[in-house]
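Reviewing the structure listed below.
The values are calculated or read from the model by the stated rules, or taken from the named source; none is laboratory data. Please read these numbers as outputs of a predicted model, since none were measured by experiment. Glycine also receives a Cβ, built like all others from the backbone with ideal geometry; neighbour counts cover every protein chain displayed.
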Amino acid sequence: MPELDPATTALLTVECQNGVVGEESALPELAKEAQASGMLGRVAALVDAARGAGVQVLHAVAERRPDGLGANSNARLFRAAGKLPVRQLSGSAAVRVAPPIVVAEQDLVVRRLHGLSPMAGTDLDALLRNLGVRTLVVTGVSSNIAIPNTVFDAVNLGYRVVVPSDAIAGVPASYTAEVIRNSLALVATITTAADLLGQWAPAPVS
């Protein structure tokens with residue numbers, strides 16, 4: 001994989017929030033996979049290394065107003081989400097970025113109240129363009145819906161997209177490998193967390 005210029009690269013975490021991948025997740029199967037696979041730890045390491053390398057970090061969070069105003073109801077997923085025991089309500093613990101990922105002062109948190117993609121449902125595109133970003137590294141969940149949506153939207157908007165294959169997760173686990181091989185690899189550069197860490201946090205010379 002070619003080297004990424006920190007001045008024109010950003011790292012995005014997608015829905016790595018307590019109510020999705022945390023211990024009190026509304027989606028326990030997804031949370032279990034994100035934690036057991038080590039994905040969350042790898043995302044946290046990438047976030048830290050990206051900052052150290054001067055790469056802008058952004059966190060995309062999905063949430064709803066308590067009254068649901070402006071939220072979608074045109075798909076089974078949206079209707080089911082409103083009935084879950086843990087709801088992603090604005091201002092609640094469910095929409096805070098989950099540990100071990102740390103949000104630093106210089107990070108940008110992008111929140112969306114509707115839709116499936118942080119690229120289409122927020123001002124993320126405008127923020128990236130204002131920052132001079134041309135390459136977007138996409139991490140997080142889920143490989144079922146939000147990650148493909150983010151990747152396709154970013155590619156359609158002219159960004160080069162990089163996906164570390166072991167820093168995204170979905171259910172079942174086998175589906176992640178299939179969507180990477182059959183969809184994401186056709187439009188994005190597929191790499192690993194270790195490869196990115198090698199660029200952003202190279203081992204010291206002995």
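Based on this model, can you work out whether V162 counts as under 14 Å from L12 (Cα atoms), within 13 Å of the chain's Cα centre (by Cα), crowded, with 22+ Cβ neighbours inside 10 Å and aliphatic (A, V, I, L, M)? So V162 fits the description; yes. Scoring G52 on the criteria (1) small (G, A, S); (2) crowded, with 23+ Cβ neighbours inside 10 Å; (3) at pLDDT 95 or above; (4) out of contact with any Ser or Thr (no Cβ under 9 Å at 6 or more places or on another chain) leaves a single failure, condition (2).
Could you tell me which of the residues L11, L4 is assigned to a strand (DSSP E or B), touching a residue at least 24 places away in the same chain (Cβ under 8 Å) and of a type outside the set (F, W, Y)? Sole residue among the options that is assigned to a strand (DSSP E or B), touching a residue at least 24 places away in the same chain (Cβ under 8 Å) and of a type outside the set (F, W, Y): L11.
The one condition from (1) surrounded by fewer than 17 Cβ atoms within 10 Å (Cβ to Cβ); (2) of a type outside the set (S, T, Y); (3) closer than 17 Å to D5 by Cα that A173 does not meet is (3). The residue that is surrounded by the most Cβ atoms within 10 Å (Cβ to Cβ), among those in segment 179-206 that are assigned to a helix (DSSP H, G or I) and not hydrophobic (A, V, I, L, M, F, W, C), is Q199.
Scanning segment 135-159 for residues that are surrounded by fewer than 18 Cβ atoms within 10 Å (Cβ to Cβ) and touching a strand residue (DSSP E or B) at 6+ places or on another chain (Cβ under 6 Å) gives a single hit, V155.
Restricting A177, A185, A93, A154 to those that are touching a helix residue (DSSP H, G or I) at 6+ places or on another chain (Cβ under 7 Å) and closer than 25 Å to G41 by Cβ reduces the list to A93. Filtering T150, T122, T176 for residues that are in a loop (DSSP other than H, G, I, E, B) and of a type in the set (S, T, Y) leaves a single hit, T122. With respect to the conditions (1) over 19 Å from the mean Cα position of the chain (by Cα); (2) in contact (Cβ under 8 Å) with a residue 60 or more places away in the chain, G68 falls short on a single one, namely (2). The condition (being free of Cβ contacts under 8 Å to residues at least 12 places away in the same chain, farther than 16 Å from L46 by Cα and touching a strand residue (DSSP E or B) at 6+ places or on another chain (Cβ under 7 Å)) is satisfied by just one residue among G170, G121: G121. Within segment 128-147, the set of residues being part of a helix (DSSP H, G or I) and in contact (Cβ under 8 Å) with a residue 12 or more places away in the chain comprises L128, A146, I147.
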